[in-house]
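Before any comments, here is the structure.
The values are calculated or read from the model by the stated rules, or taken from the named source; none is laboratory data. Computed from a predicted structure; not experimentally measured. Neighbour counts run over all protein chains shown; Cβ positions are idealised from the backbone, glycine included. SASA here: full protein model, heavy atoms, side chains in, ligands and nucleic acids out. Shrake-Rupley method; radii C 1.70, N 1.55, O 1.52, S 1.80 Å.
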Amino acid sequence: MEDAVEFPLAKRQRREDAIVERKHPTSSRLFSPFRTLGLVSPTNVPFTSVSLGKTTFQITTSVGNALQTYDLRRGLNLVFLSRPQCPSPITATYAYRDRVFVAWGGSQPQAPRGVWVFKRGRLVGELDLGDTHPQEVGQILVLGSWVVGCGKEAIEVWKTDSYEHYTTILPSTPSATSNSRAVFSGQICTLPTLLNKVLVGRRDGLIEVYNVSTGRLVHTVLAPTASSGSVTALAPAPALCLLAVAYADGSVIIFDVESDEQVLQLRQKNTRKPITSISFRSDGMGAGEDGRMSGVMATSSIESGDITLWDLNRGGKVAGVVRGAHEISALGRATGVNKVEFLPGQPVLVSSGLDNALRSWVFDENPFSSTPRLLHSRSGHAASINKLKFLPASSDGSDAAGKWLLSASRDRSLWGFSLRRDGQSTELSQGDVKHKARKTGLLSDDGAGVEEFKAPPIIDMACSLNRDGGMGAAGGPVWANAKNASAEETSTTGWESIITAHADDRFARTWSWGRKKAGRWSFETSDHKPVTSVAITSCGTFAIIGSAGGSLDMFNLQSGVHRQRYPPRLTPAQAKQLKQQGQSEERISVPQGHRDAITGIVVDNLNRTMVSTSLDGSIVFWEFSTGKILERRIDADAIPTAIRYNPVSGLLALSCDDLCIRILDIETRKTVRELWGCVGSIYDYCFSHDGRWIVACSMDSVVRVFDLATGHLIDAFKTATCTSIAFSHTGEFLATTHAGSAGIHIWTNKALFTHVSTRQIDDVRGVIDLTETAVFQAASQLAITETGESVDDGEQVDGLDTASNMDQLDQRLLTLSIVPQSRWQTLLNLDSIRERNKPIQPPEKPKAAPFFLGSSAALTNTTTTTAANGAHPSSNRNMTADTADAMTIEDAERSRISRLALLSSSTAQSHSQLSSLLETSDPSALLSEYLTTLPPSAADLEIRSLTLAEMPLFVRALTAQLKSRRGFELVNTWMSVFLKIHGDFVSADNNVPDLADAVREWRAVMQAEEERLSRLVGYTRGIVDFLRSAR
């Protein structure tokens, strides 16, 4: 009774532990987070830099909850990605020597917060926050033995060596302009000549100097006027005791802190935008008429994309302005430059902006220029992404690895991101839009910049690389429809390979992927209404565009000529014939196409059938070459909103407004599956690379995976609202974009490197919440968790325990094993493998050592011999070389015999284990389990070691395993090896009479199973052919 009571208790305890572990899953059943693409500097947290000796500089930016470090000497290439990620968004960073101090969290009084220390991207320490003030740390500063963190309400001080909290400095007086507890503006700096002193800006315009060692207020610098406003930027000047202060009214004042005097006051004309970043050039050059003087200052504003350069000599003046250094967007406020910094002792300026860009600028000395030129740039999308597509493979096999990802964003840009090397990612050029903006005067302080000269946001795109000409493709003016090249030239060099549809634009535009720029053609719809959907044939020759009015037009990408309209217009002869039949021109029967906006267009691989969907509820199958309507289907209750095509399976997927995804066969034009389960509008969906799955994202922020073979929901995980989704053609990655984010999340497909169950899950309880726990970091290519969490652990979320070992679903089913194919194939061809791996030449005898050095074997043997004889080693110094070699060979022979004896003993033990298994009452299951665990060479040795009496038992055990229909390929492999080795005993009936009977029995069972399988396969094939036939 005790055992009966204790067993359920122990089992229930394990289930409870499993539930506790499943509270924070880090991946779904099929996909694991890998990394995030396209993020460089998307937040308002300024970058931080540190010099590495005299060779290079490393620049660290914040991308939300993680850090990215770039190396300037390598062209701003990504070198480190911090891990683990911070639990909350990063609020401040500071690089000091080989460490980076990072403050995160604290936006709410009770919210978690912390200050971590990273070294080369890894967490190495954490600052003590036990007695600190509950606030968000907005800026960090390290001066000698102190780490200072400044927030809106207090200043925290830690020790650099031990990371212990030292003291908290509260403001001396409350703010005079407001009743808020936020007194400080968050700006903090130090002067090299002031020991243990920090200068802190206040929101009322005051600048307070504190001694961090004593925690006392030392001095206060008053604001120049009462209307100056809050302190927006602080920076120490290269001159002693000089401090540059920027105020909210747009003015910049340089103070002498020691004498408490105002040295210089500057204000840029025609703008009152506050300066939020100040930096001084420290190489002693750049100012004056010839650039040989010092005194250059750079300023920028978070509300502007310009960088202003000042010459502080002779009262100060604006020496130059870098217009449009960072793009500002009309989608939101404060999208300008968040920091500029001169690198110490270098004529290089580094800037970052909220356009998700990091740039370095260099000042030329000969000829001298007061404004810098662009040196390096790393950037990405400046707004959320609304369209994704993996670049397909071309006919010659290039780009077959699926490493390129096309993405379109609300910032009117089209990017190509590389999954292998961030430095290869690039934006497809739309022409010299910055020059056009500067020429028209829009590239000014208050202008919208280059955004107005770009094409409208992309809403749909299609791509085919089969006729892409690369860098040598035909070029010309962007979207001007100018025919500068002949057909012969373009046929040899190639042409455009991408076509896009834009919001509220009646033109569809082409792009050249090889040239990474916009193409020559812009195709207009025949009804002059906005383009809503585009498609491109797999051959890369034709592009089809659909409009909001329902028109469909086909264009030739090589010549840019309009080729076809769907349905085609009546020819004059057809119209005349109808009139002669007594029908008026208004009543002529004309084939009708779509009457509302086109929502999707697909063309099969052979350019025979085209399928289009519309908001009028119609699905039309067209003959591609003639425009003839093959079939029209109308369902007013299920209006198709999008269509996808998988050429591998020949299936069409239609998302409808009734929240169902319907699967159609493009040949039979019949519905084969209906996939229900999405909650809210279906934003996007796609096929997997092999056509087995449908991955869909909907309004409820859940990504669902459906299995087409069974129609079941096999995976569902919740993230931030997913807006677009794409599956790589190699099946390695799933790419998703999310609302409000400029990054692309990459997920690895677990099914490629581990066994994943595809059982049906519950629509509600089976959803895994990864909103807070998904960590996108490139720590492992396979994305296997370090906590030891298995794949099956995540499958218990829906209440089903799939961890149990199920060898066979049903006894009527023929079941294969889960042993890797390479193992049993190696066993079959083991003799060939050994022959191939046999050494070509025998091992050579090692060269004789010099006469004064003996070999290790000879010395050992000599020492042993002399010790056995009781003689001193020195008595054998006159031993000849031949004697030493003979002793060495003899010792090697003894070692070989010892190894053979050891091998024989281990083989005997293994043989005894196999014999004991064959002597049991039911050896089939035990024998199969034992042989499965052995490597191919060990299994071959076991079969070779069978005695004559054990051979019939072995064959009967394989026959019983074959009758159970388990491990079908393994049983046949073992039997093939047995017959190849012991086939002569089977033919000699006199030696082993029972063996021939056992083999005949195995052959009869095998023939019966083959006939059963043949009947089942024939029946299934007949059913499939009948269903696929057009009747």
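Please give the charge dipole size of region 45-158, origin at the Cα centre, charges +1 on K and R Cβ atoms and -1 on D and E Cβ atoms. Round to the nearest 20 debye.
That gives a dipole near 620 debye.
How much length is gained if the chain between D657 and R632 is pulled fully straight, taking 0.36 nm per residue apart and subtracting their Cα-Cα distance, in nm to one decimal? Can you show the working numbers first?
On the way: separation 25, 0.36 × 25 = 9.00 nm, distance 1.88 nm.
Additional length available on full extension: 7.1 nm.
May I have the extent of the alpha carbons of region 313-352 along their three principal axes, as whole Å values ordered from largest to smallest?
39, 24, 13
From the gyration tensor of the Cα coordinates in region 213-311, what semi-axes in whole Å does the equivalent ellipsoid have, largest first, with each one equal to sqrt(5λ)? Provide the component values of the computation, followed by the final result.
On the way: eigenvalues 105, 73, 28 Å².
Listed largest to smallest, the semi-axes of region 213-311 are 23, 19, 12 Å.
Once the Cα gyration tensor of region 316-394 is found, what semi-axes does its equivalent ellipsoid get, as square roots of 5 times the eigenvalues, in whole Å, sorted largest first?
Details: eigenvalues 182, 61, 23 Å².
Output for region 316-394: semi-axes of 30, 17, 11 Å.
Treating cross-link reach as a plain straight distance, find the lysines whose alpha-carbon is under 30 Å from the alpha-carbon of K159, omitting any fewer than eight places away in the same chain.
K54, K119, K197, K339
Please list log₁₀ I(q)/I(0) at q = 0.14, 0.25, 0.27 Å⁻¹ for region 185-226, using the Debye equation with identical point scatterers on the alpha-carbon positions.
So the normalised log intensities work out to -0.30, -0.85, -0.95.
Going highest first, how would you order 39-49, 1004-1014 by mean Cβ packing within 10 Å?
Working: 39-49: 22.5, 1004-1014: 12.2.
Averaged packing, sorted descending, gives the order 39-49, 1004-1014.
Taking 0.36 nm per intervening residue step and subtracting the Cα-Cα distance, what contour gain separates T710 from S987 on full extension? Numbers along the way, then the final one.
Numbers: separation 277, 0.36 × 277 = 99.72 nm, distance 4.82 nm.
Extra length from T710 to S987 when fully extended: 94.9 nm.
Can you give me the distance in nm between label points at L1027 and D690, each placed 7 Å from the Cα along the Cα-to-Cβ direction?
Distance between label points: 1.9 nm.
So which lysines can K980 reach, going by Cα to Cα under 28 Å and dropping same-chain residues fewer than 8 places off?
K838, K963
I need the Debye-formula profile for region 580-727: one equal scatterer per C-alpha, no solvent, reported as log10 I(q)/I(0) at q = 0.18, 0.21 1/Å, two decimals.
Debye intensities relative to I(0), on a log10 scale: -1.04, -1.34.
Summing +1 for each Lys or Arg and -1 for each Asp or Glu, what net charge is found among the other residues whose Cβ lies under 13 Å from the Cβ of E164? Spell out each step's value before the answer.
Working: positive: K159; negative: E126, D128, D131, E156, D161.
Charge balance near E164 sits at -4.
Testing the spin-label approximation: label points 7 Å from Cα along Cα→Cβ at K963 and S259. State their distance in nm.
Roughly 10.9 nm, to one decimal.
Could you work out the local net charge near S429, counting Lys and Arg as +1, Asp and Glu as -1, over the other residues with Cβ closer than 12 Å to its Cβ? Walk me through the numbers before you get to the answer.
On the way: positive: K434, K454, R515, K516, K517; negative: E427, D432.
That sum, taken over residues with Cβ under 12 Å, equals +3.
Check the straight Cα-Cα distances from K718 and name the lysines below 19 Å, setting aside those fewer than 8 residues away within the same chain.
Filter leaves K23, K750.
What's the local net charge at I634, with K and R +1, D and E -1, over the other residues with C-beta under 12 Å away? Provide the component values of the computation, followed by the final result.
Values: positive: R595, R632, R633; negative: D596, D616, E631, D635, D637.
Computed value for this residue: -2.
Ignoring everything but the protein chains, give the 1.4 Å probe accessible area of K389 in square angstrom, nearest 10.
70
Run the 1.4 Å probe and let me know the accessible area of K483, rounded to the nearest 10 Å².
Ignoring ligands and nucleic acids, K483 comes out at about 140 Å².
Going by a ≥ b ≥ c, the root eigenvalues of the Cα gyration tensor, does region 440-550 fall in the rounded group (a/c under 1.5), the prolate group (a/b larger than b/c) or the oblate group? Walk me through the intermediate numbers first.
Values: a/c = 2.08, a/b = 1.28, b/c = 1.63.
Oblate.
To the nearest 0.05, how large is the calculated FRET efficiency for A739 and E427 if R₀ is 25 Å and r is the Cβ-Cβ distance? If you can, show how the numbers build up before the last one.
On the way: r = 22 Å, r/R0 = 0.88.
The value I calculate is 0.70.
Could you please put H745, H326 in sequence from largest to smallest accessible area, using a 1.4 Å probe?
Numbers: H745 40, H326 5 Å².
Result of the area sort, largest leading: H745, H326.
Can you give the extra length, in nm with one decimal, that the chain gains between N366 and S172 once fully stretched, where that is 0.36 nm per residue apart less the Cα-Cα distance? Walk me through the numbers on the way to the answer.
Numbers: separation 194, 0.36 × 194 = 69.84 nm, distance 5.15 nm.
Length difference between fully extended and current span is 64.7 nm.
Provide the descending list of Cα extents for region 113-254 along its principal axes, expressed in whole angstroms.
The Cα atoms of region 113-254 stretch 45, 37, 30 Å along the principal axes, largest first.
Excluding ligands and nucleic acids, what accessible area in Å² is computed for L388 using a 1.4 Å probe, to the nearest 10?
Its accessible surface works out to 10 Å², give or take rounding.
Sorted by accessible area with a 1.4 angstrom probe, largest first, how do I634, I1023, I458 fall? Please report the intermediate quantities before stating the final value.
Values: I634 115, I1023 75, I458 5 Å².
Descending accessible area places them as I634, I1023, I458.
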